[in-house]
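Everything below concerns the one structure shown next.
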Amino acid sequence: MNAATPVTGLDLKLARVAARVKQRQLGQAMGVSESRVSSIERESFVTAELAARYRTALDTCRAPSAGQVA
């Protein structure tokens, strides 16, 4: 997504679920609580800065794909 494309909490949640990462794991990577991650994912609009922070944290804790060694 480019910077001009609005990001919703649902967009972020779908990316997290597809990566098989739990809210607790993501919260730890972001330095926030699990409930804060849940709150972000319910937002109808997420700022570009917060979306980037979320995605960066998600990248650090992605679950290994099938067939990969953890």
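The values are calculated or read from the model by the stated rules, or taken from the named source; none is laboratory data. Source: prediction; values computed, not measured. Every residue, glycine among them, receives a Cβ derived from its backbone with ideal geometry; neighbour counts consider all protein chains shown. We work out accessible area using only protein heavy atoms, side chains counted, and drop any ligands, DNA or RNA first. Shrake-Rupley method; radii C 1.70, N 1.55, O 1.52, S 1.80 Å.
Name the residues whose placed amide hydrogens come within less than 5 Å of the amide hydrogen of V7, ignoring near sequence neighbours (fewer than 5 apart) on the same chain.
Excluding prolines and chain starts, which carry no amide H, the hits are V46.
Computed on alpha carbon atoms, what radius of gyration and Dmax characterise the range 1-62, expressed in Å?
10.4, 29
Give me the net charge of R53's neighbourhood, meaning all other residues with Cβ under 12 Å from the Cβ of R53; Lys, Arg count +1, Asp, Glu -1.
0
Averaged per residue, what accessible area in Å² does the range 7-57 show with a 1.4 Å probe, protein chains only?
59 Å²
Suppose accessible area is computed on protein heavy atoms with a 1.4 Å probe; arrange E49, E43 from highest to lowest.
Ranked list, largest accessible area first: E49, E43.
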